[in-house]
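The values are calculated or read from the model by the stated rules, or taken from the named source; none is laboratory data. These numbers were taken from a predicted model, which means no experiment stands behind them. Glycine gets a Cβ as well: all are built from the backbone with ideal geometry, and neighbour counts include every protein chain shown.
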Amino acid sequence: MLMPTGGGKSLCYQLPALLREGCGIVVSPLIALMRDQVAGLLDSGVKAAVLNSTLSWKESSAVEQSLLSGDLDLLYIAPERLLTPRCLDLLSRARLALFAIDEAHCVSQWGHDFRPEYMGLSVLAERFPNVPRIALTATADELTRSEIVTRLNLDGAPRFIASFDRPNIRYEIIEKQNARSQLQVFITERHAGDAGIVYCLSRAKVDDTAASLAKAGIDALAYHAGMDASVRALNQDRFINEDGVVIVATVAFGMGIDKPDVRFVAHLDLPKSIEAYYQETGRAGRDGKPADAWMTYGLADIVQQRRMIDQSTGADEFKRVSVRKLDALVGLCETAGCRRGRLLDYFGEAFGAPKCGNCDNCLSPPRVWDGTIVAQKALSCVYRTGQRFGALHLIDVLMGHSTERVAQFGHDQLSVFGVGTELDEKRWRTVVRQLVSLGHLQPDSEAFGALKLSLSARSVLKGDSKVMLREQTATGSPRKRGIKAKTVRSGAALSPDAPAAFHKYDKNGEANLISVLRHWRTGMARKHNVPAYVVLHDATLEGIASSRPQTHGQLRAVTGIGDKKLERYGDALLSLVRSEAG
Ligand code: ZN
């Protein structure tokens, strides 16, 4: 089963395990994830348990006992535990509904998450030939898929491949100007009070960014491998269990985090590949409600990633693959077309429409202009200055700035000095970056920041090929904010008894009730020591707030309220709804 994060992967084994006789055994390498899943299942009235190294001997024996006496619906086991003779023996004495092998791509030696103990799972086919097995993953290219089939002895098994589209995620990639203030505007204007993840490349940047957001009044916490372990664990717990915490982290954060109500994922640095970008942004909006994947990037990001590849100790083949992957991601950043279409295309899936209507390029299409002449000016400036300077110096020469450095190298004497006054500095930066991403310029692997001509630059200089450039969209700029503010004003201008105004009033009441319900949920989560979303999802709170149920029957009709939740929380919820109405 290949299904993207948030697509309902767990349900594919949880439901059959409940319907079949016996206990479903779930193999998962992620202890934190197991713990959260089991907490969620228990709260929904499913008899679930976990067997891993965090349990005491006494706790383990209790779990083993309930398995043998048929008291368990689902049992989560770490692979290394499962493969012990003791555990295999235990399983052979129990009645089993199925084996679900989660994160099945870990079996692939070529993948990014290889776990040797996964190779041993082929023993399940030999020891338990009559127990059905299902392998699941959210990330596997064609090669990995066939490796999973071979190594887990799943020849001839039906394959289910779900679409990789995450329609509720809005993709947006903007030009980096002042990343920190761009991020702050993005959070305060569009995600105030929401939970979100901000990814940075370095630990120092994580610390700085978290501190600057906190200073701006945003509930932001840092997370990276260099921190004190107890502080890090505390920050992660607060992010998972509380409402509206923003975590600023390196890519080390996220594996095994199953928080459904992450409303945005922001990238302040370019990831390594589209796979990484997709995996990281995929942590947003797992509950299916609208979420943002927002990234700010600039020329320095491309140069930095290229440098990391050049300086890595990997083999040449590895470097070539890495450069290709980076280029594909830069292509996604620079495209003037639909980002979703581009993403899905990368994963071999056709979107089936030219526009998705839910990415920045679809919502406000960028202008594309013929930049052949400015490209020629920039490229000849690179050539005339000896292909050993960075973007800032090149722009100084093009714009005719007599800086100390320009004079020092005699660049004010060159024919290209001051030929580019038709563009301002900011637009020149965009042009140079696009020349890099289009492949006409390339970062010099020897001299940091320096740009040199690539082969394709020649045909541009000779006038044989055209260069089409993309005008930067002004998302998050005052212009767009102005439009938003105006809409709100015209709404407020309606007379107080107009239907729209009434609706607005009603929405306010709903918002109040939601915040009351959230407050109650935080208390319940603390009391039972589980994440807030395990008590009830956001979508369920919103369902209650909009339908305002008066009876148990009406409350039961809200999505996310099952018999168990009704029994446990029904009275409390109804009295909250009533007290808000009064
Ligand atoms: Zn689109």
Can you confirm whether Lys259 is assigned to a helix (DSSP H, G or I) and either of a type outside the set (D, E, K, R) or in the same structural domain as Asp208 (by TED's automatic domain parsing) (or both)? no
Can you tell me which of Ile302, Ile257, Ile309 is in contact (Cβ under 8 Å) with a residue 12 or more places away in the chain, away from the ligand (no atom under 16 Å from the Cβ), out of contact with any strand residue (DSSP E or B) (no Cβ under 9 Å at 6 or more places or on another chain) and hydrophobic (A, V, I, L, M, F, W, C)? Ile309
If a residue has to be without any contact (Cβ under 8 Å) to a residue 12 or more places away in the chain and either β-branched (Val, Ile, Thr) or under 24 Å from Ala457 (Cβ atoms) (or both) to count, how many in segment 354-374 make the cut? 1
Mind checking which residues of segment 378-436 are surrounded by fewer than 18 Cβ atoms within 10 Å (Cβ to Cβ), of a type in the set (D, E, K, R) and in a helix (DSSP H, G or I)? Arg384, Glu404, Arg405, Asp412, Glu425, Lys426, Arg427
With the checklist (1) under 29 Å from Pro16 (Cβ atoms); (2) part of a helix (DSSP H, G or I); (3) in contact with a Ser or Thr (Cβ under 6 Å, 6 or more places away or on another chain) in hand, flag the one item Arg180 doesn't pass. (1)
Please go through segment 129-144 and give me each residue that is surrounded by fewer than 18 Cβ atoms within 10 Å (Cβ to Cβ) and within 28 Å of Ile257 (Cα to Cα), ordered by number. Pro132, Asp141, Glu142, Leu143
Across segment 209-238, which residue is modelled with the lowest pLDDT among those that are among the hydroxyl-bearing types (Ser, Thr, Tyr) and farther than 15 Å from Ile257 by Cβ? Ser230
Identify the residue in segment 156-191 that is at pLDDT below 90, over 13 Å from Met295 (Cα atoms) and more than 16 Å from the ligand (Cβ to nearest atom) and, among all such residues, is nearest to the chain's Cα centre (by Cα). Ala162
What are the pairs with Cβ atoms under 8 angstrom where one residue, in segment 128-142, is assigned by TED's automatic domain parsing to the domain that holds Gln14 and part of a loop (DSSP other than H, G, I, E, B) and the other, located anywhere, is buried (at least 16 other Cβ atoms within 10 Å of the Cβ) and β-branched (Val, Ile, Thr)? Sequence gap at least six, or different chains. Leu136/Ile101; Ala138/Thr5; Ala140/Ile148
Evaluation of Gly156 against (1) free of Cβ contacts under 8 Å to residues at least 12 places away in the same chain; (2) part of a helix (DSSP H, G or I) (one fails), failing number: (2)
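To keep it simple, each residue is scored yes or no on (1) closer than 19 Å to Ile173 by Cβ; (2) aromatic (Phe, Trp, Tyr); (3) within 12 Å of the ligand (Cβ to nearest atom).
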residue	(1), (2), (3)
Cys356	yes, no, yes
Cys359	yes, no, yes
Cys362	yes, no, yes
Pro365	yes, no, yes
Val368	yes, no, no
Ser380	no, no, no
His393	no, no, no
Among the residues of segment 312-346 satisfying the criterion of being free of Cβ contacts under 8 Å to residues at least 12 places away in the same chain and β-branched (Val, Ile, Thr), which is nearest to the ligand (Cβ to nearest atom)? Val321
Return yes when Ser212 is hydroxyl-bearing (Ser, Thr, Tyr), surrounded by 15 or more Cβ atoms within 10 Å (Cβ to Cβ), more than 23 Å from Gly285 (Cα to Cα) and not assigned by TED's automatic domain parsing to the domain that holds Ala39 and no when it is not. yes
Condition check for Phe351: within 14 Å of the ligand (Cβ to nearest atom) and either without any contact (Cβ under 8 Å) to a residue 12 or more places away in the chain or not acidic (Asp, Glu) (or both): yes
Given the conditions (1) closer than 30 Å to Asp258 by Cα; (2) buried (at least 19 other Cβ atoms within 10 Å of the Cβ); (3) small (Gly, Ala, Ser), and given that Gly371 satisfies all but one, which numbered condition is not satisfied? (1)
As an exercise: evaluate Leu517 against (1) in a helix (DSSP H, G or I); (2) at pLDDT below 90; (3) closer than 30 Å to Ile257 by Cα and give the number of the one condition it does not meet. (2)
